[in-house]
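Following: one structure in C-alpha coordinates, then a few remarks.
The values are calculated or read from the model by the stated rules, or taken from the named source; none is laboratory data. Remember, it's a predicted structure, so these values are computed and weren't measured experimentally. Note that we place each Cβ from the backbone using ideal geometry, even for glycine, and neighbour counts take in every protein chain shown.
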Amino acid sequence: MTSQAETVTVRVPGKINLGLSVGPLREDGYHELSTIYHAVSLYDTVTVQPADDWSVHVTGPWGDRVPADASNLALVAARTLARRRARRAKVDPVRIDIDKNIPVAGGMAGGSADAAAALVGCRELWALDHIENDMLEGIAAGLGSDVPFLLHGGTAIGTGRGEQVTSVLARGELHWVLWAGEDLSLSTPEVYAECDRLREEAGTVPGTPEPSGELMAALRRMDTDAVADALHNDLQDAAISLQPVLSEALAAGLDLGARGALVSGSGPTVAFLVGSQTEAIDLSVGLAANGPHGDIVRATGPVPGAQVVHHRNSPEPYRALPTPHRPGPPGPVTG
Ligand code: C5P
(Lines give C-alpha, C1' and ligand atoms only; values in the text may rest on other atoms or scores of the structure.)
Protein backbone atom coordinates (compact mmCIF):
# COMPACT_ATOMS: atom_id res chain seq x y z
CA MET A 1 0.00 0.00 0.00
CA THR A 2 1.40 3.41 -0.98
CA SER A 3 1.29 6.13 1.67
CA GLN A 4 -0.19 9.55 0.94
CA ALA A 5 3.36 10.93 1.14
CA GLU A 6 4.30 9.02 -2.01
CA THR A 7 1.49 10.39 -4.13
CA VAL A 8 1.48 13.51 -6.29
CA THR A 9 -1.80 15.07 -7.38
CA VAL A 10 -2.08 17.51 -10.29
CA ARG A 11 -5.06 19.62 -11.25
CA VAL A 12 -5.36 20.44 -14.94
CA PRO A 13 -7.94 22.56 -16.79
CA GLY A 14 -9.72 22.01 -20.08
CA LYS A 15 -9.36 24.51 -22.91
CA ILE A 16 -11.55 26.23 -25.40
CA ASN A 17 -10.34 28.05 -28.52
CA LEU A 18 -11.45 31.68 -28.71
CA GLY A 19 -10.21 31.84 -32.28
CA LEU A 20 -9.16 29.01 -34.57
CA SER A 21 -7.91 29.64 -38.10
CA VAL A 22 -7.13 26.50 -40.03
CA GLY A 23 -4.67 26.73 -42.91
CA PRO A 24 -3.71 24.21 -45.56
CA LEU A 25 -3.10 20.51 -44.97
CA ARG A 26 0.63 19.89 -44.48
CA GLU A 27 2.61 16.96 -45.81
CA ASP A 28 2.77 15.42 -42.31
CA GLY A 29 -1.05 15.14 -42.20
CA TYR A 30 -1.54 18.11 -39.85
CA HIS A 31 -3.04 21.48 -40.70
CA GLU A 32 -1.10 24.66 -40.18
CA LEU A 33 -3.13 26.70 -37.73
CA SER A 34 -3.32 29.81 -35.65
CA THR A 35 -5.40 29.59 -32.53
CA ILE A 36 -6.04 31.48 -29.31
CA TYR A 37 -6.22 28.92 -26.54
CA HIS A 38 -8.03 29.80 -23.31
CA ALA A 39 -7.84 27.53 -20.23
CA VAL A 40 -11.10 27.35 -18.25
CA SER A 41 -11.93 26.23 -14.72
CA LEU A 42 -13.24 22.79 -15.57
CA TYR A 43 -10.61 20.45 -14.15
CA ASP A 44 -9.44 16.88 -14.26
CA THR A 45 -7.47 15.69 -11.25
CA VAL A 46 -4.62 13.29 -11.91
CA THR A 47 -2.85 11.40 -9.10
CA VAL A 48 0.33 9.38 -9.64
CA GLN A 49 1.89 6.94 -7.19
CA PRO A 50 4.55 4.23 -7.35
CA ALA A 51 3.20 0.77 -8.21
CA ASP A 52 4.41 -2.70 -9.23
CA ASP A 53 3.08 -2.20 -12.74
CA TRP A 54 1.82 0.56 -15.03
CA SER A 55 -1.94 1.17 -14.79
CA VAL A 56 -4.60 3.86 -15.16
CA HIS A 57 -7.97 4.11 -13.40
CA VAL A 58 -10.61 6.66 -14.35
CA THR A 59 -13.56 7.91 -12.28
CA GLY A 60 -15.79 11.01 -12.43
CA PRO A 61 -18.71 12.11 -14.61
CA TRP A 62 -16.94 11.20 -17.89
CA GLY A 63 -14.87 8.32 -16.48
CA ASP A 64 -16.64 5.49 -18.28
CA ARG A 65 -15.79 6.97 -21.72
CA VAL A 66 -12.02 6.94 -21.23
CA PRO A 67 -9.85 3.95 -22.22
CA ALA A 68 -8.15 2.57 -19.10
CA ASP A 69 -5.50 0.71 -21.08
CA ALA A 70 -2.08 1.33 -22.63
CA SER A 71 -3.63 3.74 -25.17
CA ASN A 72 -4.59 6.21 -22.41
CA LEU A 73 -2.64 9.38 -23.18
CA ALA A 74 -1.74 9.99 -19.51
CA LEU A 75 -0.14 6.55 -19.35
CA VAL A 76 1.63 7.12 -22.68
CA ALA A 77 2.94 10.43 -21.28
CA ALA A 78 4.25 8.82 -18.07
CA ARG A 79 5.99 6.03 -19.97
CA THR A 80 7.51 8.49 -22.44
CA LEU A 81 8.96 10.53 -19.58
CA ALA A 82 10.23 7.31 -17.94
CA ARG A 83 12.07 6.36 -21.17
CA ARG A 84 13.73 9.77 -21.24
CA ARG A 85 14.80 9.15 -17.65
CA ALA A 86 16.05 5.61 -18.38
CA ARG A 87 19.56 6.68 -19.38
CA ARG A 88 20.13 8.04 -15.84
CA ALA A 89 18.35 5.51 -13.62
CA LYS A 90 15.35 3.27 -13.75
CA VAL A 91 12.12 4.73 -12.41
CA ASP A 92 9.30 2.78 -10.79
CA PRO A 93 6.12 2.19 -12.74
CA VAL A 94 3.16 4.29 -11.65
CA ARG A 95 -0.51 3.87 -11.03
CA ILE A 96 -2.42 6.85 -12.43
CA ASP A 97 -5.86 7.84 -11.11
CA ILE A 98 -7.88 10.35 -13.14
CA ASP A 99 -10.99 12.13 -11.88
CA LYS A 100 -12.55 13.06 -15.20
CA ASN A 101 -14.67 16.24 -15.39
CA ILE A 102 -13.55 17.50 -18.82
CA PRO A 103 -15.83 16.10 -21.55
CA VAL A 104 -14.31 13.21 -23.48
CA ALA A 105 -13.81 13.64 -27.26
CA GLY A 106 -15.39 17.05 -26.77
CA GLY A 107 -12.94 19.56 -28.27
CA MET A 108 -11.70 20.65 -24.84
CA ALA A 109 -8.45 18.67 -24.99
CA GLY A 110 -9.30 16.50 -21.99
CA GLY A 111 -6.94 13.68 -23.03
CA SER A 112 -4.16 16.17 -23.68
CA ALA A 113 -4.85 17.75 -20.28
CA ASP A 114 -4.39 14.39 -18.54
CA ALA A 115 -1.15 13.83 -20.46
CA ALA A 116 0.16 17.25 -19.36
CA ALA A 117 -0.83 16.47 -15.76
CA ALA A 118 0.88 13.07 -15.87
CA LEU A 119 4.12 14.71 -17.08
CA VAL A 120 4.04 17.29 -14.28
CA GLY A 121 3.06 14.68 -11.66
CA CYS A 122 5.70 12.11 -12.66
CA ARG A 123 8.43 14.75 -12.87
CA GLU A 124 7.81 15.50 -9.21
CA LEU A 125 7.24 11.88 -8.13
CA TRP A 126 10.50 10.75 -9.74
CA ALA A 127 12.33 13.90 -8.56
CA LEU A 128 13.39 14.77 -12.12
CA ASP A 129 14.35 18.26 -11.08
CA HIS A 130 16.76 18.57 -14.02
CA ILE A 131 13.85 18.36 -16.48
CA GLU A 132 13.04 21.99 -17.14
CA ASN A 133 9.73 23.26 -18.45
CA ASP A 134 10.99 23.69 -22.02
CA MET A 135 12.14 20.06 -22.12
CA LEU A 136 8.77 18.97 -20.73
CA GLU A 137 7.10 21.06 -23.45
CA GLY A 138 9.18 19.24 -26.09
CA ILE A 139 7.97 15.87 -24.78
CA ALA A 140 4.43 17.27 -24.57
CA ALA A 141 4.48 18.36 -28.23
CA GLY A 142 5.33 14.80 -29.27
CA LEU A 143 2.24 13.51 -27.42
CA GLY A 144 -0.31 15.82 -29.07
CA SER A 145 -0.75 19.30 -30.52
CA ASP A 146 -2.66 20.65 -27.47
CA VAL A 147 -0.49 19.12 -24.72
CA PRO A 148 2.07 22.00 -24.48
CA PHE A 149 -0.74 24.51 -23.97
CA LEU A 150 -2.17 22.48 -21.08
CA LEU A 151 1.23 22.74 -19.34
CA HIS A 152 1.13 26.47 -19.96
CA GLY A 153 -2.52 27.49 -19.35
CA GLY A 154 -3.87 31.04 -19.34
CA THR A 155 -4.66 32.57 -22.71
CA ALA A 156 -2.10 31.90 -25.43
CA ILE A 157 -1.55 31.88 -29.16
CA GLY A 158 -0.90 28.45 -30.66
CA THR A 159 0.87 28.18 -34.01
CA GLY A 160 2.40 25.41 -36.13
CA ARG A 161 0.03 22.51 -35.58
CA GLY A 162 -0.92 24.16 -32.25
CA GLU A 163 2.11 22.99 -30.29
CA GLN A 164 4.03 26.29 -30.38
CA VAL A 165 2.60 28.37 -27.57
CA THR A 166 3.08 32.07 -26.78
CA SER A 167 1.32 33.91 -23.93
CA VAL A 168 -1.27 36.58 -24.70
CA LEU A 169 -1.56 39.57 -22.40
CA ALA A 170 -5.12 39.37 -21.13
CA ARG A 171 -6.23 40.76 -17.80
CA GLY A 172 -9.52 40.13 -16.03
CA GLU A 173 -11.85 37.19 -16.27
CA LEU A 174 -14.36 35.80 -18.75
CA HIS A 175 -17.46 33.84 -17.71
CA TRP A 176 -18.51 30.80 -19.71
CA VAL A 177 -21.29 28.25 -19.88
CA LEU A 178 -20.21 25.00 -21.50
CA TRP A 179 -22.66 22.63 -23.13
CA ALA A 180 -21.58 19.07 -23.94
CA GLY A 181 -24.26 17.04 -25.71
CA GLU A 182 -25.14 13.74 -24.11
CA ASP A 183 -23.77 10.77 -26.10
CA LEU A 184 -22.19 13.20 -28.54
CA SER A 185 -18.56 12.96 -29.54
CA LEU A 186 -16.48 13.93 -32.55
CA SER A 187 -13.19 12.56 -33.77
CA THR A 188 -10.66 15.36 -34.34
CA PRO A 189 -9.21 13.88 -37.58
CA GLU A 190 -12.75 13.45 -38.97
CA VAL A 191 -13.63 17.09 -38.25
CA TYR A 192 -10.44 18.34 -39.96
CA ALA A 193 -11.19 16.05 -42.93
CA GLU A 194 -14.75 17.40 -43.11
CA CYS A 195 -13.37 20.96 -43.05
CA ASP A 196 -11.14 20.08 -46.04
CA ARG A 197 -14.09 18.46 -47.83
CA LEU A 198 -16.37 21.48 -47.31
CA ARG A 199 -13.62 23.82 -48.53
CA GLU A 200 -13.03 21.73 -51.63
CA GLU A 201 -16.76 21.65 -52.34
CA ALA A 202 -16.94 25.45 -52.01
CA GLY A 203 -13.72 25.98 -53.99
CA THR A 204 -12.09 27.76 -51.04
CA VAL A 205 -8.30 27.72 -50.82
CA PRO A 206 -7.08 28.48 -47.26
CA GLY A 207 -4.36 31.08 -46.83
CA THR A 208 -1.74 31.36 -44.10
CA PRO A 209 -3.62 31.31 -40.78
CA GLU A 210 -3.14 34.34 -38.54
CA PRO A 211 -4.44 35.35 -35.13
CA SER A 212 -7.35 37.81 -35.30
CA GLY A 213 -6.24 41.36 -34.47
CA GLU A 214 -9.78 42.17 -33.38
CA LEU A 215 -9.80 39.30 -30.87
CA MET A 216 -6.33 40.18 -29.53
CA ALA A 217 -7.39 43.82 -29.01
CA ALA A 218 -10.63 42.74 -27.31
CA LEU A 219 -8.68 40.45 -24.97
CA ARG A 220 -6.19 43.19 -24.09
CA ARG A 221 -9.14 45.38 -23.02
CA MET A 222 -11.01 42.33 -21.65
CA ASP A 223 -14.13 43.75 -23.22
CA THR A 224 -16.62 40.86 -23.06
CA ASP A 225 -18.86 42.08 -25.88
CA ALA A 226 -15.91 42.74 -28.18
CA VAL A 227 -14.50 39.27 -27.39
CA ALA A 228 -17.95 37.83 -28.08
CA ASP A 229 -18.08 39.53 -31.50
CA ALA A 230 -14.60 38.28 -32.42
CA LEU A 231 -15.04 34.60 -31.42
CA HIS A 232 -14.28 32.49 -34.48
CA ASN A 233 -13.70 28.84 -35.30
CA ASP A 234 -12.90 27.58 -38.82
CA LEU A 235 -13.86 24.04 -37.71
CA GLN A 236 -17.35 25.03 -36.59
CA ASP A 237 -19.12 24.39 -39.93
CA ALA A 238 -17.44 21.00 -40.21
CA ALA A 239 -18.48 20.06 -36.64
CA ILE A 240 -22.08 21.16 -37.36
CA SER A 241 -22.07 19.26 -40.64
CA LEU A 242 -21.19 16.06 -38.72
CA GLN A 243 -23.44 16.83 -35.70
CA PRO A 244 -26.31 19.11 -36.77
CA VAL A 245 -27.67 19.34 -33.21
CA LEU A 246 -24.80 21.76 -32.54
CA SER A 247 -26.53 24.54 -34.48
CA GLU A 248 -29.61 23.98 -32.30
CA ALA A 249 -27.46 24.30 -29.16
CA LEU A 250 -25.73 27.46 -30.46
CA ALA A 251 -29.07 29.09 -31.35
CA ALA A 252 -30.67 28.11 -28.02
CA GLY A 253 -27.86 29.72 -26.01
CA LEU A 254 -27.87 32.92 -28.08
CA ASP A 255 -31.69 33.16 -27.78
CA LEU A 256 -31.31 32.80 -24.02
CA GLY A 257 -28.98 35.80 -23.85
CA ALA A 258 -25.41 34.54 -24.37
CA ARG A 259 -23.18 37.41 -25.57
CA GLY A 260 -21.36 35.07 -27.95
CA ALA A 261 -21.09 31.36 -28.74
CA LEU A 262 -18.87 28.94 -30.61
CA VAL A 263 -18.01 25.30 -30.95
CA SER A 264 -14.84 24.59 -28.97
CA GLY A 265 -11.97 23.30 -31.13
CA SER A 266 -13.12 20.30 -33.14
CA GLY A 267 -16.25 20.06 -30.97
CA PRO A 268 -18.79 19.02 -30.03
CA THR A 269 -18.61 21.07 -26.79
CA VAL A 270 -20.23 24.50 -27.26
CA ALA A 271 -18.90 27.48 -25.27
CA PHE A 272 -21.22 30.40 -24.47
CA LEU A 273 -19.69 33.68 -23.35
CA VAL A 274 -21.69 35.64 -20.77
CA GLY A 275 -21.01 38.87 -18.86
CA SER A 276 -21.11 37.75 -15.22
CA GLN A 277 -21.65 34.89 -12.83
CA THR A 278 -25.33 35.84 -12.58
CA GLU A 279 -25.72 35.68 -16.37
CA ALA A 280 -23.94 32.32 -16.30
CA ILE A 281 -26.41 30.94 -13.75
CA ASP A 282 -29.39 32.27 -15.73
CA LEU A 283 -28.11 30.84 -19.00
CA SER A 284 -27.18 27.45 -17.58
CA VAL A 285 -30.60 27.07 -15.94
CA GLY A 286 -32.34 28.25 -19.15
CA LEU A 287 -30.33 25.86 -21.32
CA ALA A 288 -31.05 22.94 -18.99
CA ALA A 289 -34.78 23.68 -19.29
CA ASN A 290 -35.04 24.70 -22.96
CA GLY A 291 -31.88 23.67 -24.83
CA PRO A 292 -30.99 20.34 -26.41
CA HIS A 293 -30.16 17.63 -23.89
CA GLY A 294 -26.62 17.90 -22.57
CA ASP A 295 -24.23 18.34 -19.66
CA ILE A 296 -24.02 22.04 -18.72
CA VAL A 297 -21.23 23.49 -16.62
CA ARG A 298 -20.22 27.02 -15.65
CA ALA A 299 -16.57 28.00 -15.81
CA THR A 300 -14.29 31.03 -15.85
CA GLY A 301 -11.05 31.72 -17.64
CA PRO A 302 -8.19 32.18 -17.98
CA VAL A 303 -6.77 29.78 -15.36
CA PRO A 304 -3.26 28.31 -14.99
CA GLY A 305 -2.23 25.06 -16.69
CA ALA A 306 -1.32 21.76 -14.94
CA GLN A 307 -0.41 22.45 -11.31
CA VAL A 308 0.66 20.19 -8.46
CA VAL A 309 -1.97 20.42 -5.69
CA HIS A 310 -0.57 17.63 -3.51
CA HIS A 311 3.20 17.39 -3.31
CA ARG A 312 5.31 14.30 -2.72
CA ASN A 313 6.19 14.05 1.00
CA SER A 314 3.37 16.41 1.99
CA PRO A 315 1.95 15.20 5.31
CA GLU A 316 -1.48 16.67 4.49
CA PRO A 317 -3.90 14.48 2.52
CA TYR A 318 -5.23 15.95 -0.73
CA ARG A 319 -8.69 17.46 -0.35
CA ALA A 320 -10.68 17.43 -3.56
CA LEU A 321 -12.25 20.64 -4.83
CA PRO A 322 -16.02 20.93 -4.99
CA THR A 323 -17.39 19.45 -8.21
CA PRO A 324 -18.06 21.82 -11.16
CA HIS A 325 -21.18 23.94 -11.18
CA ARG A 326 -23.96 22.11 -12.95
CA PRO A 327 -27.47 23.59 -13.05
CA GLY A 328 -30.69 22.10 -11.85
CA PRO A 329 -31.49 19.33 -9.39
CA PRO A 330 -30.13 17.85 -7.23
CA GLY A 331 -29.04 20.64 -4.91
CA PRO A 332 -28.99 24.42 -5.25
CA VAL A 333 -26.97 26.22 -7.89
CA THR A 334 -24.06 27.90 -6.16
CA GLY A 335 -21.56 30.46 -7.39
O1 C5P B 1 -2.06 16.35 -32.35
P2 C5P B 1 -3.27 15.52 -32.10
O3 C5P B 1 -2.95 14.09 -31.80
O4 C5P B 1 -4.19 16.11 -31.09
O5 C5P B 1 -4.07 15.54 -33.46
C6 C5P B 1 -5.09 14.62 -33.74
C7 C5P B 1 -5.45 14.67 -35.22
O8 C5P B 1 -6.09 15.93 -35.50
C9 C5P B 1 -4.28 14.63 -36.17
O10 C5P B 1 -3.91 13.30 -36.46
C11 C5P B 1 -4.84 15.34 -37.39
O12 C5P B 1 -5.68 14.49 -38.15
C13 C5P B 1 -5.73 16.39 -36.79
N14 C5P B 1 -5.02 17.68 -36.66
C15 C5P B 1 -4.76 18.44 -37.80
N16 C5P B 1 -4.10 19.63 -37.68
C17 C5P B 1 -3.72 20.10 -36.47
C18 C5P B 1 -3.98 19.36 -35.29
C19 C5P B 1 -4.65 18.15 -35.42
O20 C5P B 1 -5.12 18.04 -38.90
N21 C5P B 1 -3.09 21.26 -36.40
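Some points to look at:
- Matching residues, segment 156-170, being buried (at least 22 other Cβ atoms within 10 Å of the Cβ) and either within 11 Å of the ligand (Cβ to nearest atom) or assigned to a strand (DSSP E or B) (or both): ALA156, GLY158, GLY162, VAL165
- Residue check, VAL205 away from the ligand (no atom under 16 Å from the Cβ) and not acidic (Asp, Glu): yes
- Residues within segment 29-43 that are more than 16 Å from the ligand (Cβ to nearest atom) and either of a type outside the set (Gly, Ala, Ser) or not in a strand (DSSP E or B) (or both), tallied: 4
- Any chance GLY14 is over 24 Å from GLN307 (Cα atoms) and either in a helix (DSSP H, G or I) or touching a residue at least 60 places away in the same chain (Cβ under 8 Å) (or both): no
- Residues satisfying the stated conditions in segment 269-318, i.e. among the hydroxyl-bearing types (Ser, Thr, Tyr) and outside any helix (DSSP H, G or I): THR269, SER276, THR300, SER314, TYR318
For every residue, the table says whether it meets (1) away from the ligand (no atom under 16 Å from the Cβ); (2) surrounded by 19 or more Cβ atoms within 10 Å (Cβ to Cβ).
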position: VAL94; (1), (2): yes, yes
position: ALA109; (1), (2): no, yes
position: SER112; (1), (2): no, yes
position: ALA115; (1), (2): no, yes
position: GLY121; (1), (2): yes, yes
position: HIS130; (1), (2): yes, no
position: ASN133; (1), (2): yes, no
position: HIS152; (1), (2): no, yes
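- Where a residue in segment 53-80 is not assigned by TED's automatic domain parsing to the domain that holds LEU128 and its partner, wherever it lies, is surrounded by 16 or more Cβ atoms within 10 Å (Cβ to Cβ) and in a loop (DSSP other than H, G, I, E, B), with Cβ under 8 Å and at least six apart: none
- Among the residues of segment 171-190, those identified as within 16 Å of the ligand (Cβ to nearest atom) and buried (at least 17 other Cβ atoms within 10 Å of the Cβ) are LEU186, THR188.
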